[in-house]
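Chemist: One structure, pasted below without further comment.
The values are calculated or read from the model by the stated rules, or taken from the named source; none is laboratory data. Remember, it's a predicted structure, so these values are computed and weren't measured experimentally. What goes into the accessible areas is simple: the full protein's heavy atoms, side chains included, and nothing from ligands, DNA or RNA. Shrake-Rupley method; radii C 1.70, N 1.55, O 1.52, S 1.80 Å.
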Amino acid sequence: AAAGAAYRAIASDYEPAPGTALGRFARDRLTDSVFQRAGNDLVVPTDGVHTVGGAGAFPIAQPVLFAAADAVDHSSFWDRPPAVAAFERWLTG
C-alpha cells in the first residue's frame, strides 16, 4: 500500500434474478463451477476484490458489497445507486 493512499472496492456475488434469460443462468452456473462455488460477479471472486491475505492494502475497509439477491454482475455496478453514491463520495471527498 502506498503511504497515505486510500483504497476502495466495489464487489458483488452475482446470482441471476428470477426471469433472467436461460443463457445467463447457464453462464452463472459455469462461472460458479470455475470459482469452485465461491461468490463471484461472473469475472472475479467477490472476496478477492476486498480481502486478500498478506497483501499490503488489504483488507479494504468499508467496501461497497452487493448481495446475490441484488443480481449485480461485474459490468452493472455503474447505474446502481449505492455504487454511484460511493463513486461520488470517493471522487469528491
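Chemist: Quick one: angle between helix 81-92 and the longest Cα principal axis of the chain, in degrees between 0 and 90, rounded to 10, please.
Modeler: So the inclination is approximately 20 degrees.
Chemist: Can you pull the percent of the chain's accessible area that's carbon plus sulfur, 1.4 Å probe, other chains left in place?
Modeler: 59 percent
Chemist: A follow-up question, please. In Å², and per residue, what accessible area does the chain have when probed at 1.4 Å with the other protein chains present?
Modeler: 63 Å²
Chemist: Along the principal axes of its C-alpha atoms, what lengths does the chain span, in descending order and rounded to whole Å?
Modeler: Principal extents (largest minus smallest coordinate, Cα): 46, 30, 15 Å.
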